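Student: There's a structure below that I have some questions on.
The values are calculated or read from the model by the stated rules, or taken from the named source; none is laboratory data. Predicted model only: the values in this text are computed from it and were never measured. With ideal geometry, Cβ positions are generated from the backbone for all residues, glycine too; neighbour counts draw on all protein chains shown.
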Amino acid sequence: MAYAIEGATGPWEVVVGLEVHAQVISESKLFSGSSAAFGAEPNTHVSFIDAGFPGMLPVINRACVAQAVRTGLGLNAEIHKVSRFDRKNYFYADMPQGYQISQFEHPIVGTGIVEVELSDGSVKRIGVTRLHLEQDAGKSLHDQHPTKTFVDLNRSGVPLMEIVSEPDIRSPEEAGAYLRKLRSILRYLGTCDGNMEEGSMRADVNVSVRKAGEPYRTRCEVKNVNSIRFVMQAIEAEAARQVEVWESGGEVKQETRLFDPNRGVTRSMRSKEDAHDYRYFPEPDLLPLVLEQNWIDALKAALPELPDAKKARFRSEYGLTAYDAAVLVAEKATADFFEAVAKGRDPKIAANWVTGDFFAALNRTGKTIETSPVSAANLGALLDLMANNTINGRIAKDVFEAMVETGKDPAEIVEEKGLKQVTDTGAIDAAVDAIIAANADKVAEYRSGKDKLFGFFVGQTMKAMGGKGNPALINETLKRRLS
Ligand code: MN
């Protein structure tokens, strides 16, 4: 069932395209040698170029170009061997050049495809229109002084990739899935850290609505949304607003809007009449960017295994379901953790433990894979203790909880707490006999055909043995004694 906004006149389709600004992971800035690191004292990472001094000439950073090409390859996109930088002219107090060096007509990366998995198990292909390189502006600080605004130029000239999607997205869920997948690809590639909270990835959201089969109607752009959840909420709020405008006989006007997450609404920022005329023209201080095919080929050959390829391999190599594989490859750290646990062991059991008890423990304790008290080696050792019948599955859950609490290895916990599984048939026989003797009425019922009571006897025997009995041996002994 496709997503729709239900209006008085029936369902409306939602049409969304996303423009994502992703900060390139790079030592230095796009056109200068200044550090691109986050969080330094204001105005300590600023060269004359970043400060827009007259006569300063930008020099393209080869590493940033490589990152853009690698990202394009990761998005299954065409790499343009010739691209060009343009000046986008506008005035802003924290942009000392008076223009942004960007790419307009000839971006470095052309059309590509991002495949996203949706909650109903389907896969949707969302088109990428382009990726271009551009410099970031500085930052105005309005909260340092009651009457003055300060400017921090550390961010001025930091490299950004602007990644523009086709208007292929049809619901908040698809937008969320696209952003998560895009972030996952960027992190695998190591081209952007994807931390939306720190602003290293932010999204402009283009939203319109229409009746099924209609051409596109006027869209509005919701600027600078800085979390995936807010993007999804902004789409819902903006689409509902537009439906109400159209249905009340009005007309949606093209404008830039802001999302207010506290009130869950979008509000107007500037209308089209106020839109900038950027007077784009080719940047005269930079030559066109020309890439050699063998350089692109070398970058391609050195790409890491990306989420889609890893997912396919997890399915074929480990026999995982599409769902489990998708969950495990979403973050590279998770995929690596799983493979370390699965190595030489039953991969499906490993996947169940990682996506089940392990993820639940991380959630509950607010830890990540990196800070997890349970290492992959220790979780693997726990699976070994089950596989070689040292402990049963029930006791394994208790041992795991103790591992979460203490960080100890499972063998130590089993030893300390005396949790070794009882496989001594004499002890099991004795426990079974005692249960049978104490429940003569139930034994009679079972023997007269009430098969369901078998579970009762298993439970009682296990309880009597402190949970440590070998389940297979208990079942076998009970079957024999009760028949
Ligand atoms: Mn931009």
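Student: List, please: which pairs have Cβ atoms under 6 Å, are six or more places apart or on different chains, and start with a residue in region 1-30 that is in contact (Cβ under 8 Å) with a residue 40 or more places away in the chain and end with one that is within 16 Å of the ligand (Cβ to nearest atom) and hydroxyl-bearing (S, T, Y)?
Tutor: So the pair list comes out as G17/S165; L18/S165; Q23/S200.
Student: Here's another thing I want to ask about it. Of the conditions (1) over 12 Å from the mean Cα position of the chain (by Cα); (2) away from the ligand (no atom under 16 Å from the Cβ), V164 satisfies every one except a single condition; which number is it?
Tutor: (2)
Student: Follow-up question, since we're still on this one. Of the numbered conditions (1) under 20 Å from V114 (Cβ atoms); (2) crowded, with 23+ Cβ neighbours inside 10 Å, V209 fails exactly one; give the number of that condition.
Tutor: Unmet for V209, out of (1) under 20 Å from V114 (Cβ atoms); (2) crowded, with 23+ Cβ neighbours inside 10 Å: (1).
Student: Here is a further query. For the condition within 15 Å of D168 (Cα to Cα) and surrounded by 18 or more Cβ atoms within 10 Å (Cβ to Cβ), what is the one hit in R219, R202, R187? Walk me through it before giving the result.
Tutor: Numbers: R202 fails: within 15 Å of D168 (Cα to Cα); R187 fails: within 15 Å of D168 (Cα to Cα).
It is R219.
Student: Turning to a different aspect of this structure: Among (1) away from the ligand (no atom under 15 Å from the Cβ); (2) assigned to a strand (DSSP E or B); (3) among the polar types (S, T, N, Q), there is one condition Q67 misses while meeting the rest; what is its number?
Tutor: Result: Q67 passes all but (2).
Student: If only one of S171, S200, S208, S156 is hydroxyl-bearing (S, T, Y), modelled with pLDDT of 95 or more and within 16 Å of the ligand (Cβ to nearest atom), which one is it? Explain how you work it out, then say what you get.
Tutor: Working: S171 fails: within 16 Å of the ligand (Cβ to nearest atom); S200 fails: modelled with pLDDT of 95 or more; S208 fails: within 16 Å of the ligand (Cβ to nearest atom).
Result: S156 is the single residue among S171, S200, S208, S156 that is hydroxyl-bearing (S, T, Y), modelled with pLDDT of 95 or more and within 16 Å of the ligand (Cβ to nearest atom).
Student: Go through (1) in the same structural domain as L362 (by TED's automatic domain parsing); (2) part of a helix (DSSP H, G or I) and name the single condition A434 misses.
Tutor: Failing condition for A434: (1).
Student: For region 78-99, does any single residue satisfy the condition of being free of Cβ contacts under 8 Å to residues at least 12 places away in the same chain, over 23 Å from L186 (Cα atoms) and part of a loop (DSSP other than H, G, I, E, B)?
Tutor: Yes, region 78-99 contains a residue that is free of Cβ contacts under 8 Å to residues at least 12 places away in the same chain, over 23 Å from L186 (Cα atoms) and part of a loop (DSSP other than H, G, I, E, B).
Student: For region 89-96, indicate whether the set of residues that are away from the ligand (no atom under 15 Å from the Cβ), in the same structural domain as G17 (by TED's automatic domain parsing) and at positive phi is non-empty.
Tutor: no
Student: Is it the case that V109 is assigned by TED's automatic domain parsing to the domain that holds G39 and either away from the ligand (no atom under 16 Å from the Cβ) or under 22 Å from the mean Cα position of the chain (by Cα) (or both)?
Tutor: Criteria not met by V109.
Student: Checking the conditions here, which among T321, T334 is of a type in the set (V, I, T), surrounded by fewer than 19 Cβ atoms within 10 Å (Cβ to Cβ) and free of Cβ contacts under 8 Å to residues at least 40 places away in the same chain?
Tutor: Exactly one residue qualifies, and that residue is T321.
Student: Can you pull out every residue in region 137-152 that is surrounded by fewer than 23 Cβ atoms within 10 Å (Cβ to Cβ) and in contact with a Lys or Arg (Cβ under 8 Å, 6 or more places away or on another chain)?
Tutor: Looking only at region 137-152, we keep the residues that are surrounded by fewer than 23 Cβ atoms within 10 Å (Cβ to Cβ), and these are 137, 139-152.
The answer is A137, K139, V151, D152.
Student: Based on what the data block shows, is E445 at pLDDT 90 or above, farther than 20 Å from I349 by Cβ and part of a helix (DSSP H, G or I)?
Tutor: So E445 fits the description; yes.
Student: Enumerate the pairs (first residue in region 123-137 and over 28 Å from G157 (Cα atoms) and in contact (Cβ under 8 Å) with a residue 12 or more places away in the chain; second residue anywhere and part of a strand (DSSP E or B) and within 15 Å of the ligand (Cβ to nearest atom)) with beta-carbon separation below 8 Å, excluding pairs fewer than 6 apart on the same chain, so at least 6 apart or on different chains.
Tutor: Sorted first by the residue in region 123-137, then by its partner, the pairs are I126/S165; G127/S165.
Student: Please find, among K420, K452, K442, the residue that is within 45 Å of the chain's Cα centre (by Cα) and not acidic (D, E).
Tutor: Only one candidate passes the filter, namely K420.
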